[in-house]
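K.L.:
Provided herewith is a single structure, encoded as structure tokens, for subsequent inquiry.
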Amino acid sequence: MGKAAFLLGLSMFVSNAYSHGESHAPNAATRNDSRPASETFWTALPAISPGGGRPERGQASLVARNLSAPELLVYSPNDPELPAKLTPENNRWLVSPSSPDKGGHHWLIAREVRGNTIVTATTAWTFPAKGDAPTRLLKQQRSGLEIVPDHIPEHGGMREGEDWAFHVRYDGAPLAGTGVRFETESGTRSRVITDAQGVAHIAFPRDIDPAEIDPQAGATRTRKGFVLAAEHQHGETHHLSAFNFFYYPDLMRERSLSGGFGFLALGILLALPLLRRKETGHA
């Protein structure tokens, strides 16, 4: 193998490795989105996310994004009908599991009334201690407009390349033919329509930059946020509701990159004796 051929192979591998993600995300310069960008968050849609400083052990410090909510409703999996009501402390909510010996998924709701418009942000938060499965929690009928995933992964969030179902309902009834906006922290923007059962089917794009995958922790510790939002008019009241959560890189992408770099390293080792022999011959 000549040095020129070796360098050409190296260049082709790096190019293929970084294009493997099939990114659907437009860059900031070409994004077809007329809405102003949020000054404090990656989306202008309502959301609940970590923030407001470090919490005590066993707690979560959460803040409202793009809405001003006077309280946070926290539904636990072992008691999905009676939420705890938290008021903000220093512009954040300190959330704890429903009981010290139970964790699992909790359902969080923040709501703001703006004249005739009700803006709602929802998310799920997982505490590490063992807790009840969130089956009843997700099926529990709550008032207003909401977007609820069919289920929540037991360990972590969704993944690139996966197809997920999200139920859109008002006062517990499914909303068919409703438009749902889908945004990811990596820049993807799309819109889907709910089916006859009020379900929005979302195909998670492979839009996480491979350069952002932690080489030490790997894909299991690299994640990005996403948000789904829908609107509904009921009488004189307009509802805007959003659900935000997170997703991980496709594990196959990490394995492909690892295998590719391993193959590249092997190629370098095999090529070194040839390069040294060629350099010795010219000496």
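K.L.:
Report the label-to-label distance for ASN78 and THR135 in nanometres (one decimal), using points 7 Å from each Cα along the Cα→Cβ vector.
P.N.:
Between ASN78 and THR135, the simple spin-label model gives 1.8 nm.
K.L.:
Still on this model: Can you list the residues of the stretch 47-68 with backbone N under 19 Å from a point 7 Å past the Cα of ALA217, pointing along Cα to Cβ?
P.N.:
49-63
K.L.:
Output wanted: per-residue J couplings in Hz (rounded whole) for the stretch 232-247, from phi through Karplus 6.51 cos²θ - 1.76 cosθ + 1.60, θ = phi - 60°, x for Gly and Pro.
P.N.:
8, 9, 10, x, 8, 9, 9, 10, 10, 10, 9, 10, 10, 7, 9, 9
K.L.:
Residue by residue through the stretch 114-122, which ³J(HN,Hα) values in whole Hz follow from phi under the Karplus form 6.51 cos²θ - 1.76 cosθ + 1.60 (θ = phi - 60°), with glycine and proline marked x?
P.N.:
10, x, 8, 10, 10, 9, 10, 10, 9
K.L.:
Next question. Grab the other residues whose beta carbon is less than 9 angstrom from that of THR43, score K and R as +1, D and E as -1, and report the net.
P.N.:
Neighbour charge sum, excluding THR43 itself: -1.
K.L.:
Grab the other residues whose beta carbon is less than 10 angstrom from that of GLY52, score K and R as +1, D and E as -1, and report the net.
P.N.:
Spelling it out: positives minus negatives among the neighbours equals +1.
K.L.:
A further question follows. Below 12 angstrom from the Cβ of ARG223, what's the summed charge of the other residues (Lys, Arg +1; Asp, Glu -1)?
P.N.:
Local net charge: -1.
K.L.:
Can you bin every Cα-Cα distance in the stretch 45-140 into 10 Å intervals starting at zero and give me the percent of pairs per bin, rounded to whole numbers?
P.N.:
That works out to 17, 49, 30, 5, 0, in percent per bin.
K.L.:
Can you list residues from other chains, or at least 5 along the same chain, whose modelled amide H is less than 5 Å from the amide H of SER186?
P.N.:
HN-HN under 5 Å from SER186: empty list.
K.L.:
Contour minus end-to-end for MET252 and ARG54, with contour as 0.36 nm per residue of separation and end-to-end as the Cα-Cα distance?
P.N.:
67.9 nm is the gain from fully extending MET252 to ARG54.
Values in this text are rule-based calculations from the coordinates and carry no lab data. Since this is a predicted model, take the numbers as computed values, not measurements. When we count neighbours, we look across all protein chains shown, and the Cβ atoms used for this are built from the backbone with ideal geometry, even at glycine.
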